[in-house]
Amino acid sequence: MEFQSTQKLEGSVLHLSFSGTIDEDTNFPEVDLSGVASVQLDLNGIKSINSVGIREWLDWIRPVAEKAPIVLENCPKSMVFQFNMVDGFLPPQSSVKSFFVPFFCESCDKEQNLLFNVGHEVAVDGGNLKISFDAKQASGCGEASCSLEMDVTEAKYFQFLKRG
Ligand SMILES: [Zn+2]
């Protein structure tokens with residue numbers, strides 16, 4: 001799926017959204033940061049990222065983050081894996097507002113990605129993760145027997161929230 005981006009300046013906040021695949025064919029947008037106080041980057045539509053894409057991402061985000069703080073939202077699983085694995089993928093001047101957590105229901109054999117907001121469903125308190133999310137409240141598959149369970153190892157998947 002081809003990479004696409006949109007951007008819109010609202011006051012001093014630049015809203016960017018990315019979708020598709022991040023790979024060798026990705027052309028990240030040129031951004032004009034004059035008068036921009038912060039960047040909101042919506043990654044909801046990102047499908048995948050490969051190793052070349054990771055390098056392209058680093059080349060794009062570093063100079064942007066040096067000029068304006070970046071807030072990432074709706075980050076899919078494929079990007080969260082990179083947050084945890086690739087040094088600098090989340091520059092020090094960036095923060096994550098919301099991201100998807102994969103859940104799995106064994107009774108219906110279905111995966112579902114649920115959005116966690118940092119400070120709500122998950123928070124870091126004194127170096128400890130606090131997860132306040134009731135999978136039973138999530139819609140799941142609608143079956144009475146539905147039992148959504150987190151499909152990742154908490155300590156690993158949420159690791160990026162503890163970066164110093
Ligand atoms: Zn189910």
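The values are calculated or read from the model by the stated rules, or taken from the named source; none is laboratory data. In this text, all values refer to a predicted model and were calculated from it rather than measured experimentally. Here Cβ is always computed from backbone atoms with ideal geometry, including for glycine, and neighbour counts include all displayed protein chains. These area figures cover heavy atoms from the full protein model, side chains too; ligands, DNA and RNA do not enter into them. Shrake-Rupley method; radii C 1.70, N 1.55, O 1.52, S 1.80 Å.
Values computed for the structure shown
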quantity: Hz values of 3J(HN,Hα) by residue in segment 36-50 - Karplus curve (6.51, -1.76, 1.60), Gly and Pro given as x; calculated: 8, 8, 7, 10, 9, 10, 9, 9, 3, x, 6, 8, 6, 9, 10
quantity: Gain on full stretching of the segment that runs from Cys141 to Val86 - 0.36 nm per residue minus C-alpha separation; calculated: 16.4 nm
quantity: Accessible area expressed per residue, the chain, with surrounding protein chains retained (probe 1.4 Å, Å²); calculated: 56
quantity: Label-point gap, in nm, between Ser95 and Gln4 - each point 7 angstrom along Cα→Cβ; calculated: 3.1
quantity: GNM flexibility winner over the chain from Ala138, Ala65, Ala123 (Cα, springs under 10 Å); calculated: Ala138
quantity: Residue-span extension gain [Asn44 to Asp109] - 0.36 nm each, minus C-alpha spacing; calculated: 21.0 nm
quantity: Length-normalised contact order of the chain in % [C-alpha pairs under 8 Å, at least 6 apart]; calculated: 16
quantity: Estimated dipole of segment 9-164 in Debye, rounded to 20 [Cβ of Lys and Arg +1, of Asp and Glu -1, Cα centre]; calculated: 420
quantity: Under 5 Å, built H, 5+ apart or other chain: amide partners of Ile49; calculated: Ile22
quantity: Centre separation in Å (Cα based) which lies between segment 69-140 and segment 5-25; calculated: 20
quantity: Relative contact order [Cα under 8 Å, 6+ residues apart], segment 122-164, whole percent; calculated: 33
